[in-house]
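Engineer: Please read through the structure below; I'll follow up with questions.
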Amino acid sequence: MAEEIELKLALAPDLVGALRRDPTLKAQALKRPVTRRLFSIYYDTPDLRLSRAGMALRVRQVGKRFIQTLKVAGAEGGGLQQHAEFEQAVPSEQPDLMQITDPAMLRFLKKQKIANRLVPVFSTDIKRRSWLLGIGGAEIEVALDDGEIQSGAHRMPLTELELELKLGAKEALYDLAIDLAGRWPFRIEWQTKAARGYRLFVGGESVPRRGSPITIERDATAKSAFGDIARACLAQFSANEVAAERGEDPEGVHQARVALRRLRALVTAYRHLMSDDVHGWLSGELRWLQQELSPARDWDVFADYTLPPILNRLPEELALEHLKGEAEILRREAYNTVRALFTSPRYTLLLLKMGRVLEAGNWQAPAGSPEAEPLEEPIKRFADRLLAFRHRRLRKFGKKRASLSESELHRLRLLGKKMRYSADFFRSLYPEKQVRRYFAAVAELQDRLGSINDAVVTHGLLQKLERRMPDSAEAAHAVGLVRGWQAARIEHDLQGFAAVWEHFAEAKPFWGKVRTVGKDAI
């Protein structure tokens, strides 16, 4: 079994010829480039058991030879695709799983009764030009692939630059990708060829995806846990890029923003353990990403959740219909901003640089400094201290709940959200039953204050809509109806807020006791 570590960069087909003459590909080549045609057939059972298990089986024809490869998905995040790979020569294009020598893999395949049920599901036909480059002591195979994926009558073009690490450190892949992305309009290709082939086979589009549970080993350090959590956040973000760009399902942008908020909460939690340069750069870039995505989400909420109940109650109000029409125009403009974001060089370079920082581990405070010492401590000790600090801060602010303004209640909700994200990062370290109870109390607190959040966001949206409507009297009337509706909802929610707060205040912390939870606790 071998491990495959690669990074894929998508590009427009009309750039293939020019890219072959890139100066880095010429200057760093260790030997002459090779051009080959690769035809591969991917197999699975009719019910796609291999795909559901995170596997992909192909037989590739290279000249007169046939190579069978079974790939098993590994870690993801930061753009890297890592797989365990079982590869053998076979006599024809038909797979032969008995050629696999790994005992554990053979037991799995036999248990699932896969060998006798395999059928072709899709194929790839690619012209590949490849270089072997020497980059900073590493060896990287660069493959420029131009071709297509085919499943039945359906076809999907495929043009990408695949960087595969053959020898050396992972950050060398990012160094090369950053160098190339500075000259070419690349996008990170998050999906493997197999994943795209399966999507073509089932006839579906990429759907929004929630974040997967984060599992942290109990012997992890605070430093290693940061990398694990950050990669999980980036994996959630990347899984929603296509859906967010397409703009047909509001959940795509929503889940992308959730991933960013989680990542920003992580950076805040590790603030005092990070180098000032990396923290300043990363905080600023993540804030920029959030700002580019937020308008689309704000208009989604307004158009799909805020307005419909008001329109249902007041169907005769044409002013509200006109308001809705203007809102839809601004929503489309916001999604144009999202699409421009995903194709911008700044976006691609940001993600590549983030991936490199995580792989190189050079985000932390200088080694030997007092700030860096907590990074080597057991993760549970760090998590106990962080969670106690967040909890104490939330409770202290909430004690003034009776006198808090709407903007301050909005801030209280944000503090609850940070607490929830922090707890979610480390929940695998604690008894699930206790964590679940605490989560329920924090979620109830956030939900009760949801109308406050909607009102804060809606206030700015209504100002924009009012300026767009030609009839100022009609605009004022429509805006007044929305604000009156929200005021009534806020009043309703706040009536039960005291009981919700008491429920949260009684929630038993699930983390261990710590000696101090002051400003130096984290």
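The values are calculated or read from the model by the stated rules, or taken from the named source; none is laboratory data. Just so it is clear, the structure is predicted and the values come from calculations on it, not from any experiment. Positions of Cβ are backbone-derived with ideal geometry, glycine not excepted, and every protein chain shown enters the neighbour counts.
Engineer: For the stretch 255-281, enumerate the residues that are under 21 Å from residue 344 (Cβ atoms) and crowded, with 19+ Cβ neighbours inside 10 Å.
Structural biologist: Within the stretch 255-281, 255, 256, 257, 259, 260, 263, 264 meet the criteria.
Engineer: Moving on. Name every residue in the stretch 37-69 that is free of Cβ contacts under 8 Å to residues at least 40 places away in the same chain, within 14 Å of residue 93 (Cα to Cα) and hydrophobic (A, V, I, L, M, F, W, C), in order of residue number. Steps first, answer last, please.
Structural biologist: Of all residues in the stretch 37-69, those free of Cβ contacts under 8 Å to residues at least 40 places away in the same chain come to 47, 52, 54-55, 59-69.
Narrowing further to those that are within 14 Å of residue 93 (Cα to Cα): 59-69.
59, 62, 66, 67, listed by residue number.
Engineer: Determine if the stretch 139-147 includes at least one residue that is more than 28 Å from the chain's Cα centre (by Cα) and over 16 Å from residue 10 (Cα atoms).
Structural biologist: From the stretch 139-147, those more than 28 Å from the chain's Cα centre (by Cα) are 139; that's our starting set.
Those left that are additionally over 16 Å from residue 10 (Cα atoms): 139.
Yes; the residues of the stretch 139-147 include at least one that is more than 28 Å from the chain's Cα centre (by Cα) and over 16 Å from residue 10 (Cα atoms).
Engineer: Continuing with the same structure: Can you pull out the residues in the stretch 330-380 that are surrounded by fewer than 14 Cβ atoms within 10 Å (Cβ to Cβ) and under 30 Å from residue 252 (Cβ atoms)?
Structural biologist: Across the stretch 330-380, the qualifying residues are 332, 333, 336, 340, 343, 346.
Engineer: Now, a different point. For the stretch 383-395, indicate whether the set of residues that are surrounded by fewer than 18 Cβ atoms within 10 Å (Cβ to Cβ) and more than 30 Å from residue 281 (Cα to Cα) is non-empty.
Structural biologist: yes
Engineer: Which of the following residues is over 19 Å from the mean Cα position of the chain (by Cα) and touching a residue at least 60 places away in the same chain (Cβ under 8 Å): 174, 198? Reasoning before the result, please.
Structural biologist: Details: 174 fails: over 19 Å from the mean Cα position of the chain (by Cα).
Within the list 174, 198, the selection yields 198.
Engineer: Take the residues in the stretch 50-71 that are surrounded by fewer than 20 Cβ atoms within 10 Å (Cβ to Cβ) and of a type in the set (A, V, I, L, M); name whichever of them is modelled with the highest pLDDT.
Structural biologist: 67
Engineer: For residues in the stretch 396-440 being within 22 Å of residue 380 (Cβ to Cβ), touching a helix residue (DSSP H, G or I) at 6+ places or on another chain (Cβ under 8 Å) and of a type in the set (Lys, Arg), which is surrounded by the most Cβ atoms within 10 Å (Cβ to Cβ)?
Structural biologist: Applying the first criterion (within 22 Å of residue 380 (Cβ to Cβ)) to the stretch 396-440 yields 418-439.
Narrowing the set further to residues that are touching a helix residue (DSSP H, G or I) at 6+ places or on another chain (Cβ under 8 Å) leaves 418-427, 429, 435, 438-439.
Now restrict to residues that are of a type in the set (Lys, Arg): 418, 420, 427.
On the way: 418: 18, 420: 20, 427: 22.
It comes out as 427.
Engineer: May I ask you to list the residues in the stretch 445-456 that are surrounded by fewer than 18 Cβ atoms within 10 Å (Cβ to Cβ) and touching a residue at least 40 places away in the same chain (Cβ under 8 Å)?
Structural biologist: 450, 453, 456, listed by residue number.
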